[in-house]
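Novice: Below is a structure I'd like to ask you about.
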Amino acid sequence: MEKVLGYVRVSTETQAEKGYGKDVQENAIKEYCKQNGLELVEVFRDLGVSGTLIERDGLTEVLAAVSEGEVKTVVVMNTSRLWREDNAKVMIKRQLMKANAEVKSVEQRTYSIYDKDPNDFLINGMMELLDQYDRLSINMKLAKGRRQKAKGGVKACGNAPIGYKWKHEGVDKPIIIIDEEKSPIVKEIFKSYLEHKSLLKVQRHLKEKGYKSQQGKDFSTMAIRNILTNRFYLGELKHSDLNVSGQHEPLINRITFGKVGAQLQKNKRKEV
């Protein structure tokens with residue numbers, strides 16, 4: 001026997017006079033279930049609440065029940081008990097469809113939230129917009145969180161530059177720490193460039209030493225340049241338009257970084 005949930009809504013005393021009183025709706029739902037071999041598990045109620053509102057205690061409970069439980073069918077006397085306006089209809093149908101739920105109506109025997117009707121084009125379009133809004137809203141919250149972390153000098157996410165690694169154990173939140181295994185490679189790159197004053201010579205030197213990139217490959221000259229110009233190794237953090245002092249430990253001192261930068265500029269002028 002299929003299990004179902006009931007939902008009753010009465011907004012005013014006048015509705016009771018028009019045949020939509022609480023007891024009338026509940027009795028109609030019970031009789032419908034009896035006639036159709038359905039097991040009515042529970043009836044949720046919103047009394048004195050307008051159908052134009054989305055935030056209703058009874059409605060919230062029934063939506064939560066179909067989302068989290070095994071019962072996926074809601075029986076109402078009429079779909080007007082669920083919604084009275086298109087905006088409410090869109091939101092409620094959207095949640096029901098996300099839960100793979102169905103609505104059965106006592107007075108609309110052939111009704112299904114999955115049926116096609118002339119309004120579907122508009123409804124579906126509104127649902128797509130709401131989905132896009134949800135994604136945008138989530139992305140904005142994540143971006144705000146990353147930016148707030150960056151303002152405090154904390155790298156928010158992503159891969160740690162070679163020479164560093166993420167620490168997850170023993171801390172409340174993941175932090176960037178020096179990678180004792182890889183950090184000597186970074187220091188060797190800066191030292192070698194000051195000695196050889198050539199990206200190609202540094203590249204050959206690293207290959208002779210057997211040093212590999214994060215991906216386990218030989219270093220390209222572009223990768224070497226990116227390391228030599230990455231101010232993260234100075235203890236700084238860049239996020240979008242923000243440039244702040246990071247909370248991570250520097251690998252390279254400012255004198256060395258400055259000398260390397262000057263040599264890179266000098267070589268660039270020669271190339272021109």
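Novice: Looking at this structure, is Ile162 assigned to a helix (DSSP H, G or I), in contact with a helix residue (DSSP H, G or I) (Cβ under 9 Å, 6 or more places away or on another chain) and surrounded by 14 or more Cβ atoms within 10 Å (Cβ to Cβ)?
Specialist: So Ile162 fails the test.
Novice: If I ask for residues that are charged (D, E, K, R) and crowded, with 17+ Cβ neighbours inside 10 Å, which ones from the range 68-81 would you list?
Specialist: Of everything in the range 68-81, those that are charged (D, E, K, R) and crowded, with 17+ Cβ neighbours inside 10 Å turn out to be Lys72, Arg81.
Novice: Also: Filtering the range 81-103 down to residues that are in contact (Cβ under 8 Å) with a residue 40 or more places away in the chain and of a type outside the set (Asp, Glu), which residue is farthest from Ser67 (Cα to Cα)?
Specialist: Looking at residues that are in contact (Cβ under 8 Å) with a residue 40 or more places away in the chain and of a type outside the set (Asp, Glu), I get Arg81.
Novice: Separate question: May I ask you to list the residues in the range 82-104 that are touching a Phe, Trp or Tyr at 6+ places or on another chain (Cβ under 9 Å), buried (at least 20 other Cβ atoms within 10 Å of the Cβ) and either under 14 Å from Leu5 (Cα atoms) or not assigned by TED's automatic domain parsing to the domain that holds Leu47 (or both)?
Specialist: If the condition is that a residue be touching a Phe, Trp or Tyr at 6+ places or on another chain (Cβ under 9 Å), buried (at least 20 other Cβ atoms within 10 Å of the Cβ) and either under 14 Å from Leu5 (Cα atoms) or not assigned by TED's automatic domain parsing to the domain that holds Leu47 (or both), then Leu82, Val103, Lys104 are the ones that fit.
Novice: If you take just the helices (runs of 4 or more DSSP H) that sit entirely in the range 168-272, which of them hold at least 1 residues that are in contact (Cβ under 8 Å) with a residue 24 or more places away in the chain and under 37 Å from the mean Cα position of the chain (by Cα)?
Specialist: By residue number, 183-196, 221-228.
Novice: Among the listed residues Leu200, Leu264, which satisfies the condition of being touching a helix residue (DSSP H, G or I) at 6+ places or on another chain (Cβ under 7 Å), loosely packed, with under 12 Cβ neighbours inside 10 Å and of a type in the set (A, V, I, L, M)?
Specialist: After ruling out the rest, the residue left standing is Leu200.
Novice: Taking the range 76-100 as the region of interest, how many residues are over 24 Å from the mean Cα position of the chain (by Cα) and not in a helix (DSSP H, G or I)?
Specialist: 7
Novice: Does Ser183 fit the bill of being out of contact with any strand residue (DSSP E or B) (no Cβ under 9 Å at 6 or more places or on another chain), among the hydroxyl-bearing types (Ser, Thr, Tyr) and in the same structural domain as Lys259 (by TED's automatic domain parsing)?
Specialist: no
Novice: Additional query: With the condition kept exactly as written, say whether any residue in the range 32-41 is of a type in the set (Ser, Thr, Tyr) and either part of a strand (DSSP E or B) or over 17 Å from Val8 (Cβ atoms) (or both).
Specialist: Checked against the condition, which is being of a type in the set (Ser, Thr, Tyr) and either part of a strand (DSSP E or B) or over 17 Å from Val8 (Cβ atoms) (or both), the range 32-41 yields no hits at all.
Novice: Just a yes or no: is a residue in the range 211-231 exposed (fewer than 15 other Cβ atoms within 10 Å of the Cβ), under 15 Å from Gly261 (Cβ atoms) and of a type in the set (Ser, Thr, Tyr)?
Specialist: Checked against the condition, which is being exposed (fewer than 15 other Cβ atoms within 10 Å of the Cβ), under 15 Å from Gly261 (Cβ atoms) and of a type in the set (Ser, Thr, Tyr), the range 211-231 yields at least one hit.
The values are calculated or read from the model by the stated rules, or taken from the named source; none is laboratory data. The shown structure was predicted, so the numbers you read here are calculated from the model rather than taken from an experiment. Quick reminder, even Gly has a Cβ in these numbers, built from the backbone with ideal geometry, and neighbours come from all protein chains shown.
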